[in-house]
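Reviewing the structure listed below.
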């Protein structure tokens, strides 16, 4: 009985801590000043897909930098399509930075973003 009470207490505390962490992440990626999570997603969906192997900021968003790198990976577009959903989900859930990486044989690609406060 004592073990299950302790387990329930720890689960309850863990949920509160996790919820507090999520709200901090959401605040970090929703900087205000007319910039929204949707603005970041629009940048990812409309501008980042056209960039090559480089680092850029969406000019009108200014507070988020996207980057994409490859080692023996043929196509920046292929890296974008491979990582798009993971990066979009991270933006939607409020992560202030994220990296996606994929390996196919000896080839690797990385795509990610970080926000500036």
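If the chain linking residue 37 and residue 50 were pulled fully straight, counting 0.36 nm for each residue of separation and taking away their Cα-Cα distance, it would gain 2.7 nm.
Each of 93, 115, 103 was scored by other Cβ atoms within 10 Å of its Cβ. Listed from fewest to most, they are 103, 93, 115.
Any read-out appearing in this document is the output of simple, stated calculations on the displayed coordinates, not a laboratory observation. Because the structure is predicted, anything quoted here is derived from the model rather than measured. Glycine also receives a Cβ, built like all others from the backbone with ideal geometry; neighbour counts cover every protein chain displayed.
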